[in-house]
Structures are given as C-alpha cells and as structure tokens.
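Please treat every number below as a calculation from the coordinates, not as lab data. Every value quoted in this text rests on a predicted model; they were computed, and no experiment measured them. Quick reminder, even Gly has a Cβ in these numbers, built from the backbone with ideal geometry, and neighbours come from all protein chains shown.
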Amino acid sequence: MHRNASGAEQFCQQFQDTPEKFFTQWGRMSPADGRLFHSRPAVREMIATEMQEALRQRIDAILQEHPLYKRPWGFELAAITLPVHVWHGLADVQAPPAWSTHLADHIPQAVPHFVPDEGHFSILVNCQADIMALALNEG
C-alpha cells in the first residue's frame, strides 16, 4: 500500500488482504457481533463477500454515504404518512443510535425497535424473523 494512503484506504486494503483480522477486531469492539461471527461462519462469510464487493472499487462510495444523512433529503420526515419500523441494535459501536432516534422522533408513524445487546450485524440476523414478519404483514 502507498505510504500516503488515507486511513480509510488502508482499512480497505487490510480488509481485502485479511478479512479474518477485521472480524476479530470488530468482535472485540462489539461482543454481540463477535458472538455472531463466531457462531455463524456462513453469516461471517456472507458479510466478508459483501464487504469485499463494496470495497472492490475502493472506499469512495462508503465515504460519500455518511454525509448524505446530514444533507436535506428534499422532503420533511414529518411528511411520511406510512408506518416506518426503525430498527437499531443498542450495542452497535459502528452506528450510534442518535440517527435512528432522530428518525423515530420525526416520522409520525414511526415504530421504534431499539434492541439492547444487538450490534451492527447481529440485529439483522437475530431479529430477522421479526423484521420479515412485519415486512410481510404490512407490505
């Protein structure tokens, strides 16, 4: 890797080279996700494949995503008239719950699901049945 590469580019290259190191480090930061990675190798492999594809063309798209949350979206959240289920694992160290709380507070028919002890990835697996049941019943 080039000596002047940004931290994000270094992460991208390190993940491409040694995804297992990422899962070990992430698991230390987020015990809920660490348990998932350890107990469900197929999920770990799926996440690795998806992240490698996301990072294949460098990290630019990922870096562009975060500022989009803070820009105007062209409509007010209060204008959303349909029920919106807002899911967030409160043990998520990657995405703090502030944004999810903001959505839940400003969307009139928001139904918050703030799940203690779930992380960034684990909530998707451990709450999958509930998420799918809601999607199918209200779709």
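Relative to the Cα centre, the charge distribution of the chain, modelled as +1 at Lys and Arg Cβ and -1 at Asp and Glu Cβ, gives a dipole magnitude of about 380 debye. Semi-axes of the equivalent ellipsoid of the range 1-71 are 23, 16, 12 Å, computed as sqrt(5λ) over the eigenvalues of the C-alpha gyration tensor in descending order. Summing charges over neighbours of Ser100, with a neighbour being any other residue whose Cβ is under 13 Å away from its Cβ, gives -3 when K and R count +1 and D and E count -1. May I ask for the net charge around Cys127, where only other residues with Cβ less than 15 Å from the Cβ of Cys127 are counted and Lys, Arg are +1 while Asp, Glu are -1? Net charge in that neighbourhood comes out at -3. Using the Kirkwood radius over C-alpha pairs as Rh, can you work out the diffusion coefficient of the chain via Stokes-Einstein at 10 °C, viscosity 1.306 mPa s, in µm² per second? After rounding, the answer is 94 µm²/s. When the chain is described by a simple charge dipole with +1 on each Lys and Arg Cβ and -1 on each Asp and Glu Cβ, the residue from Leu136, Ala42, Leu77 located farthest towards its positive end is Ala42. Taking Lys and Arg as +1 and Asp and Glu as -1, the other residues whose beta-carbon sits under 13 Å from that of Phe37 total +2.
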